[in-house]
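Structure first, commentary second.
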Amino acid sequence: MKSASFKHFDPSRVPSPCFVVDEVAVENNLKTLRRVQDESGAKVLAALKAFSMWSLGPLVSRYLSGVCASGVNEARLGREAYGGEVHVFAAAYSEPDINTLLGLCNHLVFNSFSQWRRFGPQALAARARRPELAFGLRINPEHSEGAVAIYDPCAPCSRLGITLAQFEAATAEDNRCLEGISGLHFHTLCEQGYQPLARTLDVVEAKFGHLLPQIQWVNFGGGHHITAADYAIDKLIARIREFATKYQVQVYLEPGEAVAIHSGVLVAEVLDLSWNGLSQAIVDTSATCHMPDVLEMPYRPGIRGAQAPDTTPYTYRLGGLTCLAGDVIGDYSFAAPLNIGDRLLFDDMSHYTMVKTSTFNGVNLPAIALWNSDSDRLRLVKQFGYEDFKRRLS
């Protein structure tokens with residue numbers, strides 16, 4: 001298992017389905033991120049869009065400089081449950097969004113000159129009242145590193161970020177359009193190592209380098225797999241220091257999955273067994289409702305004790321309990337036959353799981369538990385039921 005601390009965890013200790021997060025594993029990730037922060041001079045922010053288990057907010061705040069949010073609700077959670085700075089980026093803001101965010105955040109990043117022109121006067125008036133406010137623009141270096149189109153912010157016709165051509169057109173039309181802007185933000189990666197970032201930085205410097213001496217900070221965005229075992233941390237630290245020194249800017253990083261990678265599992269129970277072309281096992285969780293990246297990415301999550309199909313004697317297609325025909329988690333083989341009531345542990349289920357769950361079909365959300373793999377202390381943080389489903393509807 002990638003979530004190594006769960007190799008001997010007893011899944012019968014929690015209700016099913018249930019997300020179980022090892023706070024020791026999370027803290028170990030945070031220690032690595034803190035090392036990057038301390039040695040590079042960058043400020044590291046936890047991306048709440050990937051992992052917003054706010055019961056761990058005090059732990060995160062001990063190690064990182066703050067959080068980044070994708071809108072009002074995440075920003076409010078960041079301000080209430082985490083310490084440090086709150087940075088916000090969204091593809092677009094409404095007037096009510098701006099009114100709220102200008103009282104919550106430290107950095108507010110705009111996705112277009114249109115939005116900056118619309119809300120710039122209001123933003124600058126708020127900064128007169130709150131001097132810690134800073135405003136930035138998201139750039140699109142038009143350099144794709146992602147392998148999956150749905151997660152590629154630099155794909156052709158992307159709605160995210162301002163291209164160099166758009167920058168040049170805006171500044172030619174109004175040479176004062178950057179007044180009040182103190183930083184630039186870009187995001188090109190998705191669970192990737194150092195080399196894709198290095199190539200992206202080369203492009204950013206080539207295309208937007210003429211702007212860098214005019215600004216105070218640059219946000220490298222997220223998608224950095226810094227806490228993966230093979231990440232080139234020393235190279236990252238050196239490149240950040242070189243970049244910050246060359247342009248005299250404060251660098252920010254916004255890792256999301258790196259905070260929670262290999263720190264949690266999803267416990268599920270076998271509800272039924274049948275056969276249609278191959279053996280089928282229905283579990284009390286759902287790709288559609290509880291781990292949608294399985295369908296969107298797509299990918300096949302690991303399961304403790306399971307192998308690739310037809311590797312060991314008993315192969316099953318694992319499916320969720322919803323009515324969606326495509327609610328299929330994947331094919332797995334086991335050394336022994338499955339039985340109704342067996343518990344399964346889906347691996348690496350902390351990031352981009354809890355934040356994406358839904359109650360489609362009225363399926364209950366998984367419970368959430370915190371486990372300490374050093375002390376073996378287990379705490380059931382939250383359980384969900386009918387009222388959680390009902391409150392989302394009218």
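What's the carbon and sulfur percent of segment 119-202's accessible surface, probe 1.4 angstrom, rounded to a whole number?
52
I need the per residue convex hull volume for segment 209-277, using only the alpha carbons, in cubic angstrom as a whole number.
175
Would you mind giving the average projected area, over all directions, of the Cα convex hull of segment 112-201 in nm² with one decimal?
7.0
What residue among Gly305, Gly161, Gly256 has the largest mean-square fluctuation in a Gaussian network model of the chain, using Cα springs under 10 Å?
The residue that fluctuates most here is Gly305.
Taking each pair of different alpha-carbon atoms in segment 247-289 once, compute 1/r for the pair, average those values, and report the inverse of that mean as the Kirkwood hydrodynamic radius in Å to one decimal.
14.8
What does the accessible area per residue of segment 190-253 come to in Å², with a 1.4 Å probe and no ligands, DNA or RNA counted?
Heavy-atom accessible area per residue stands at 43 Å².
Using the Cα atoms as the points, what is the convex hull volume per residue of segment 138-262 in Å³?
Working: hull volume 13.4 nm³, N = 125.
Output value, Cα hull per residue: 107 Å³.
Write down the accessible area per residue of segment 49-129 in Å², having rolled a 1.4 Å probe over the full set of protein chains.
41
Consider all pairwise Cα distances in segment 56-151 and report the whole-number % of them above 18 Å.
When all Cα pairs of segment 56-151 are counted, 50 percent exceed 18 Å.
Keeping the other protein chains in place, figure out the carbon and sulfur percent of the accessible area of segment 267-316, with a 1.4 Å probe.
Looking at segment 267-316 in its full context, I get 52 percent from C and S.
Please build a GNM for the chain, connecting alpha carbons under 10 Å apart, and tell me which residue among Val283, Val88, Val363 fluctuates the most.
Result for the chain, Cα springs under 10 Å: Val363 fluctuates most.
Which residue fluctuates most in the GNM of the chain (Cα springs below 10 Å): Ala367, Ala46, Ala260?
Per the Cα network of the chain with a 10 Å cutoff, Ala367 tops the list.
In a shell of Cβ-Cβ distance under 14 Å around Ile215, excluding Ile215 itself, what net charge do Lys and Arg (+1) and Asp and Glu (-1) give?
0
Calculate for the chain the 222 nm mean residue ellipticity that helices alone would give, adding -39,500 (n - 2.57) per DSSP H run of length 4 or more and normalising by residue count, nearest 500 deg cm²/dmol.
Values: 12 runs with 117 residues, N = 394.
Result for the chain, helices only: -8500 deg cm²/dmol.
Over all Cα pairs of segment 3-54, how is the pair count split among 10 Å bins, expressed in % and running from 0 up to the last occupied bin?
Values per bin, smallest distances first: 19, 40, 28, 10, 2.
Can you tell me the Rg and Dmax of segment 294-394, counting just the alpha carbons, in angstroms?
According to the Cα coordinates of segment 294-394, Rg and Dmax are 15.9, 49 Å.
How large are Rg and Dmax for the chain when calculated on the C-alpha trace, in angstrom?
22.5, 70
P(r) tail for segment 198-247, what percent of Cα pairs lie past 13 Å? Display every interim value, and only then the final one.
Working: 793 of 1225 pairs.
Within segment 198-247, distances greater than 13 Å cover 65 percent of Cα pairs.
Could you tell me what % of all Cα pairs in segment 279-327 have separations over 15 Å?
Summing the P(r) of segment 279-327 above 15 Å gives 48 percent of all pairs.
The values are calculated or read from the model by the stated rules, or taken from the named source; none is laboratory data. Keep in mind the model is a prediction, meaning the values are calculated, not measured. When we count neighbours, we look across all protein chains shown, and the Cβ atoms used for this are built from the backbone with ideal geometry, even at glycine. Surface accessibility is based on the protein's heavy atoms, side chains included, excluding ligands, DNA and RNA. Shrake-Rupley method; radii C 1.70, N 1.55, O 1.52, S 1.80 Å.
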